[in-house]
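Report on one structure; see the data block that follows.
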Amino acid sequence: MDTSIGVVGPHDLVDSVAAVCEEQAGVRVHRFDYDHETQAPGLVTTHASGVDAWLFTGIVPYTIAHEALTRPATFVDYSGSTLLQALVRLLRDGSDVTALSVDTLDTAQVHDTLTDAGVPTGGVRTMPYRPGATAADFVAFHRRHVARHPGAVAVTCLASVHDELAGELPAFRLAPSPQSVRGALRQLLLTATSQIQEDSQVALGLVELSPATANDHADLAREVGMLGGSLSRYSDTMSLIVTTRGPLHDASHGFTALPLLHRLSPRHDVVRIGFGLGHSGAEAERLARRALARARNHGDVAAVVSSRNDVDILLEAVAPAEAPVSEQSRAVVASRVGLSVATLDRLREITAASGDRPLTTRDIADGLGVQLRTARRMLQRLELAGCAERSGSLESGTIGRPLTLYRVTL
């Protein structure tokens, strides 16, 4: 089975990084590009269920999105071969590489690479990336250095920084080398393959409910549907849940809490569940029996997950958070769809002005003052997030693809 990799980065880098990844057999690549690195968490949150692992085109979007990650992830390192390629190009263009200002990269890595290439580092200044650093911080760093060293080249890893400096001072933007991409992909595949194998472990759950009612099976079937599993009778007094480790991990918030305990307990005096995780059905069943015995020791409402090596985890019974989508803040919605709050507000205005009329990609492009392809990407993100629905197409009147009609609900 192919490993699904989500590549996240700016528009002009995603395709080149994805193309290198597609050289690897057994890899299926999904492209997720953004206009600004701060949109990375929204893309990760929206598309997490569709990938096995994430590959970021640089450390900055990776760090910004880190808290939103639920899948294995890594980033392409720009030091080593990437930096060496940049030096060759700068030298070929006649640039002075002894007075560079370099952002994002680690100081020791930059100096080691330059030293190995025989380049003096006395006039080279670096500003490594640290969580919380912004594009504006890097822009200010480069301006200060070039002010002290006229003619020096600003070397940046960020498209937003390069766009800000272009035309103002000599600026060079690093792009990941194929060797760096292949190295990051190898590392990611090792981690992702291990995670996939772990997630595919058999998870069997033994369920005790008392008092028994005619609706027990229907109640449990609805809950098991959320685990992506199946339900059957195990004995006269117990039911059996069959699923895998991955869905159980997600439904239990990383093996910390099991909301279905909260939902079932008002209708039953006793709700005990024992989950066993194993590499075979027999092993999972044995561990499920042990887990159920541990759950009985914890009281009338309890759930335990047991795995090999005598690991038993007690799951809390908690009420699921209830927050209607209609009450979500603009920032949350913007993050989900990978757009800025300002862009989302403008989209609301455009949608309101259209009344009941479906919008075309041209309407969005003209209303936001962006290119047609950018508007198309925005609408695709809104569609994936459930905020837009296709309702047909409209001939554009010129040579090219028809304009897709969308109903946008923000």
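Sort largest first and round to whole Å: the equivalent ellipsoid semi-axes of segment 100-246, each the square root of five times a Cα gyration tensor eigenvalue.
Result for segment 100-246: semi-axes of 60, 18, 11 Å.
If you fit an axis through the alpha-carbon atoms of helix 178-199 and take the longest principal axis of the Cα set of the chain, what angle between them do you get, 0 to 90°, nearest 10?
10 degrees
For the pair ARG308/SER49, report the inter-label distance in nm, with labels modelled 7 Å from Cα in the Cβ direction.
3.1 nm
For the chain, with the dipole built from +1 on Lys and Arg beta-carbon atoms and -1 on Asp and Glu ones, taken about the Cα centre, which of THR409, LEU261, ALA65 lies farthest toward the positive end?
My answer, from the dipole projection, is THR409.
In nm, give the distance between the simple-model label positions of ARG263 and ARG289, each being 7 Å from the Cα along the Cα-to-Cβ direction.
Simple spin-label model gives 3.0 nm for this pair.
If you add up the charges near VAL161, with Lys and Arg at +1 and Asp and Glu at -1, over every other residue whose beta carbon is less than 11 angstrom from its beta carbon, what do you get? Can you show the working numbers first?
Working: positive: ARG143, ARG173; negative: GLU37, ASP103, ASP137, ASP163, GLU164.
Result for the local shell: -3.
Between helix 281-298 and the chain, what is the angle of the helix's C-alpha long axis to the longest principal axis, kept within 0 to 90° and rounded to the nearest 10?
70 degrees
Quick one: 3J(HN,Hα) in Hz for segment 41-53, Karplus 6.51/-1.76/1.60 with θ = phi - 60°, rounded, Gly and Pro as x.
Working through the residues one at a time gives x, x, 5, 5, 5, 5, 10, 4, 6, x, 9, 8, 7 Hz.
Multiply the residue gap between THR237 and ALA117 by 0.36 nm, knock off their C-alpha separation, and tell me the result in nm, one decimal place.
Working: separation 120, 0.36 × 120 = 43.20 nm, distance 7.34 nm.
Full extension from THR237 to ALA117 adds 35.9 nm.
If amide hydrogens are placed 1.01 Å from N in the peptide plane, which non-local residues have theirs closer than 5 Å to the one on VAL27?
Counting only residues 5 or more places away or on other chains, the set is THR3.
By per-residue mean of other Cβ atoms within 10 Å, what is the highest-first order of 175-183, 149-157?
Answer by packing, highest mean first, reads 149-157, 175-183.
Leaving out ligands, DNA and RNA, what percent of the accessible area of the chain is carbon and sulfur, probe 1.4 Å?
In the chain, the share of accessible area belonging to carbon and sulfur is 51 percent.
With only alpha-carbon atoms in the gyration tensor, what are the semi-axes of the equivalent ellipsoid for segment 182-305, in Å, largest first?
30, 14, 13
So if R0 is 45 Å, what FRET efficiency would THR98 and THR193 give, r being the distance between their Cβ atoms, rounded to the nearest 0.05?
0.55
With all protein chains present, calculate the accessible area of VAL102 using a 1.4 Å probe and round the result to the nearest 10 Å².
Here the accessible area works out near 0 Å².
Report the net charge of residues surrounding ALA293, where surrounding means a beta-carbon distance below 14 angstrom and charges are Lys +1, Arg +1, Asp -1, Glu -1.
+2
Over 10 Å intervals from 0, what percent of Cα-Cα pairs in the chain sits in each interval?
Histogram of Cα-Cα distances, whole percents per bin: 4, 18, 21, 21, 18, 11, 5, 1, 0.
If you count the DSSP beta bridges with both ends in the chain, what percent of them are antiparallel, to the nearest 5? Walk me through the numbers on the way to the answer.
Working: 32 of 63 bridges.
Rounded to the nearest five, the antiparallel share is 50 percent.
How large is the dipole of the chain about the Cα centre if only Lys and Arg carry +1 and Asp and Glu carry -1, each at its Cβ, rounded to the nearest 20 debye?
Details: 38 positive and 46 negative charges, 41 e Å.
Dipole of the chain, to the nearest 20 debye: 200 debye.
How far apart, in nanometres, would the label points at GLU316 and SER354 be if each is projected 7 angstrom from Cα along the Cα-to-Cβ direction?
Roughly 4.3 nm, to one decimal.
Taking a ≥ b ≥ c as the square roots of the Cα gyration tensor eigenvalues, with a/c under 1.5 meaning rounded and otherwise prolate when a/b beats b/c, else oblate, which class fits segment 32-160?
Verdict is prolate for segment 32-160.
Taking the chain as the reference, fit the longest principal axis to its C-alpha atoms, fit the long axis of helix 216-226 to the helix C-alpha atoms, and give the angle between the two in degrees, 0 to 90, nearest 10.
Long axis of 216-226 versus the principal axis of the chain: about 10 degrees.
Set Lys and Arg Cβ to +1 and Asp and Glu Cβ to -1, take the dipole of the chain about its Cα centre, and tell me which of LEU90, GLY355, THR121 lies farthest positive.
GLY355
The values are calculated or read from the model by the stated rules, or taken from the named source; none is laboratory data. Remember, predicted model here, so these are calculated numbers, not experimental data. No Cβ is skipped: glycine too gets one built from the backbone with ideal geometry, and neighbour counts run over all protein chains shown. Ligands, DNA and RNA are stripped out before the accessible areas are found, and what is left, the full protein with its side chains, is counted by its heavy atoms. Shrake-Rupley method; radii C 1.70, N 1.55, O 1.52, S 1.80 Å.
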